[in-house]
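What follows is a set of notes on a single structure, which appears directly below.
Since every read-out is calculated from the coordinates, none of them should be taken as a lab result. Predicted model only: the values in this text are computed from it and were never measured. Cβ sites come from the backbone with ideal geometry, for glycine too, and all protein chains shown count toward neighbours.
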Amino acid sequence: MEKIVYTITVYTENMVGLLNQIAIIFTRRHLNIESLTVSKSSLPGIHKFTITVESTEDLIIKVVRQIEKRIDVLKAFHYTDDEIIFDEVALYKIPTDSLLDNPEIETLMRTYNARIVEVNRNFAAIEMSGSADVIQSLFDELNKFKVLQFVRSGRVAITRSTQERLSNFLAEMEEKRIKAMKACEK
Amino acid sequence: MESIRIKGAEALLRALLEEKVDTVFGYPGGSIITVFDALYSFRDSIRQILTRHEQGAVHAAQGFARVTGEPGVVFVTSGPGATNVITGLADAMLDSTPLVVIAGQVSSPLLGSDAFQETDVVGISLPVSKWSYQVRTAAEIPWAVARAFYIAREGRPGPVVLDITKDAQNEMTDYVYEKCQFIRSYQPNPDLDQTAVEEAAALINGAKRPFALVGQGVILGEAEEALKAFLTKADIPAGATLLGLPAVAGGFPLMKGMLGMHGNVGPNRKTAECDVLIAIGMRFDDRVTGDLKTYAKQAKIIHFDIDPAEIEKNVKVDVAVLANVKESLPAVTALLKEASHKDWVDSFKEHEDEEWQRVIEPEIHPTAGPITMGEVINMVSEKAAANAVLATDVGQNQMMACRYFKLQSNRSLVTSGGLGTMGFGLPAAIGAAIGAPEREVCLFTGDGGIQMTIQELGTIMEYKPAVKIIILNNKFLGMVRQWQELFFRERYSSTILQNPDFPMIAAAYGIPGRKVVKREGLAEAIDELFATKGSFLLEVEVEENGMVYPMIPAGTNVDNLIFGD
Ligand SMILES: Cc1ncc(C[n+]2csc(CCOP(=O)(O)OP(=O)(O)O)c2C)c(N)n1
């Protein structure tokens, strides 16, 4: 089976140690995590992990089920690139002199839709968001004028689906909770 | 509810009482001393079993859990105390045994400083436990205990670890207990999907050669009767995994024996001939399936399981019925047509006869030569009570015991399946005897395995649980020797054992014992084993080069089955 990039999103309770719990599932299968972003989700008290990894669909399904099996994980999903809208952010630091001496840089910034977030006597910090390829390609261009530092974030993603799977899941769980509480009152 | 102001350690014990805990297995130390101190005040309601090693404590708790169905509880100290239970946790995780392990931890201000006896217990135990959590305040204790028991028991059971800092044990808290009924992120019992039920029933109703694989899920779901009704209604023959064996105890005609590497010929051959394969609460372990590329390729496969992560983990299936089998089996049974598959069911007979002649008969009724393992097990089984619990260690003794000991009652097997932990047998048998004192616990162990936890004879000496210990002494690490004979040109590297005098060791612990070398003395010695009140150690010198057959070599399939004759 073909290996492609999958984006896995994991929603968890806000508890210590979840990153570790999730990471060991990848380690066991010798899967290299390409990028990882962890942040609060749009729902209060729920954290979101966005993980990209190159693998086969077969394996990804198993990994997702094993992630979901962890007690404090609410739900995990996996997506191919065409099912999501995703982005990464990159920051590039270049010497201010190169910016001033090379008008090509300004053209590049326009073409790539990048912007300057800070300039001082020594350096200029440029920011751009886009896909991993575009980010890399801007780096390759800028590096002709010597990039001092370059960082990129992990991937963030939202689905193209009109179904809000997590909210549906939470609503379902709330019903179950009420049922469980009623059952024990009896 | 009114709260009371008490110490964290006392809160822990009160919480355990709320969860109906009456026995804990453990070993004290600096970071758990406060809990043991509180336990002293509760000694009339909670029995404490001091094992001789923490590994003994955790295996004993596993044995206790297997026979009672309730979580086994373990108390250990931080650092080495906690690391000594890791093997037991891994074992319980693979075999879905409910455990609540309470480990002391250094005081919270010291965490992360490499303090004396500090280890990252949550970090070490996470991969081998269902849930592992560090408690740093007394206030959290009731919540954490309630959650721990809920998680250990509900859904697919498993081991849970609470790592409780010393200051949390010491500190005062306002205690109220509320049982955990629900965890938003954990759905222990998936809702039964009616479509899956209908699809499963349709496949089974259309089957000409249905065959069921029975796993421990049936026992954990207390679905033994539901299973029998299911098999009977559609006339479905079945094989059992190692841990599934006691699910259909006591000679049920449709139960055709054990699956897998050292299983019976019929069930293994029929797996490759059936048209619909019905897996019930089992996980397609490689010791059952062998080579997955050729496994049951001719069959449509239905998988009943409670754990979504088991579906298509190893084997692609046509229908998955996700739920507790206690729920799903009756639902499917209701839709089954009464059927008869007489020719198919009878077709097992030929394989049974072949196995009887080529393997079983010579193994259990040898006429000459040294005593065989199967002979001893068969004789013990014949003389054992109907409520007997079979406990085993790991290796040839285990495979032989599971092949030849006739299980006759529910929850009658205590063995280490998934992890294959040598040293499991003795402490697990002790735990089983403590959990079910009215039952007769028979332990078969090897001369190798017993020495891995032999110190637990001290636990027997102190608490006097009745364990009938039978050491099948072949003077070898037998199972490894078997592989060396078959696959490594008889190069017996590190498998020849020099052994102590086992009955003499037992005697040092005040446990009566006896050694049998000749066939003539065997029956009488077994009579003495059972006639003696309490524990007894019987060492039998068996054939040194005994082999467990039939055997399907690892990673191959039933076409490669070896009879060894
Ligand atoms: C803790 C542990 N170490 C090593 C093994 C590998 N192993 C499996 S069976 C076996 C031999 C067991 O020998 P013995 O206890 O004498 O039992 P026998 O096979 O002879 O019945 C060994 C070493 C294991 N299963 N567990």
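Things to note:
- Residue among B:T173, B:T137, B:T195 that is buried (at least 20 other Cβ atoms within 10 Å of the Cβ), out of contact with any Leu (no Cβ under 9 Å at 6 or more places or on another chain) and among the β-branched types (V, I, T): B:T173
- Only residues that are crowded, with 19+ Cβ neighbours inside 10 Å and not in a loop (DSSP other than H, G, I, E, B) were counted across the range B:526-549, and they come to 7.
- A:L36 vs. criteria under 30 Å from A:K146 (Cα atoms) and touching a residue at least 60 places away in the same chain (Cβ under 8 Å): yes
- Residue list for the range A:64-84, restricted to those being more than 16 Å from A:L166 (Cβ to Cβ) and more than 14 Å from chain B (Cβ to nearest Cβ): A:T80, A:D81, A:D82
- Listed by first and then second residue, the pairs with beta-carbon distance under 7 Å, at least 6 apart or on different chains, first residue in the range B:447-475 and within 11 Å of the ligand (Cβ to nearest atom), second polar (S, T, N, Q), are B:D447/B:N473; B:D447/B:N474; B:D447/B:N499; B:T453/B:Q55; B:I471/B:T445; B:L472/B:N397; B:N473/B:N499; B:K475/B:N499.
- Within the range A:154-186, restricting attention to residues that are assigned to a loop (DSSP other than H, G, I, E, B) and of a type in the set (S, T, Y), the residue that is nearest to the other protein chains (Cβ to nearest Cβ) is A:S161.
- Where helices (runs of 4 or more DSSP H) sit wholly within the range B:4-79, those with at least 1 residues that are among the charged types (D, E, K, R) and within 22 Å of B:S125 (Cα to Cα) occupy B:54-68.
- Positions within the range B:94-118 being of a type in the set (S, T, Y), closer than 22 Å to B:Y27 by Cα and crowded, with 20+ Cβ neighbours inside 10 Å, in sequence order: B:T97
- Within the range B:227-320, strands (runs of 3 or more DSSP E) holding 2 or more residues that are closer than 17 Å to B:A554 by Cβ and among the hydroxyl-bearing types (S, T, Y): none
- Selection from the range B:294-309 of residues that are among the charged types (D, E, K, R) and away from chain A (no Cβ under 14 Å): B:K297, B:K300
- Of all residues making up the range A:27-63, the number that are within 14 Å of another protein chain (Cβ to nearest Cβ), outside any strand (DSSP E or B) and under 16 Å from the mean Cα position of the chain (by Cα): 1
- Elements of the type helices (runs of 4 or more DSSP H) sitting completely within the range B:337-441 and holding at least 1 residues that are within 16 Å of the ligand (Cβ to nearest atom): these cover B:361-364, B:373-383, B:396-404, B:425-435.
- Taken together, the residues in the range A:157-177 that are in contact (Cβ under 8 Å) with a residue 24 or more places away in the chain, surrounded by 11 or more Cβ atoms within 10 Å (Cβ to Cβ) and out of contact with any Lys or Arg (no Cβ under 9 Å at 6 or more places or on another chain) amount to 4.
- B:F149 more than 20 Å from B:T97 (Cβ to Cβ) and either out of contact with any helix residue (DSSP H, G or I) (no Cβ under 7 Å at 6 or more places or on another chain) or within 12 Å of another protein chain (Cβ to nearest Cβ) (or both): no
- Strands (runs of 3 or more DSSP E) within the range B:100-197 that include 2 or more residues of a type in the set (A, V, I, L, M) and within 28 Å of B:R66 (Cβ to Cβ): B:159-165
- Residue in the range B:321-335 that is surrounded by fewer than 17 Cβ atoms within 10 Å (Cβ to Cβ) and of a type in the set (K, R) present: no
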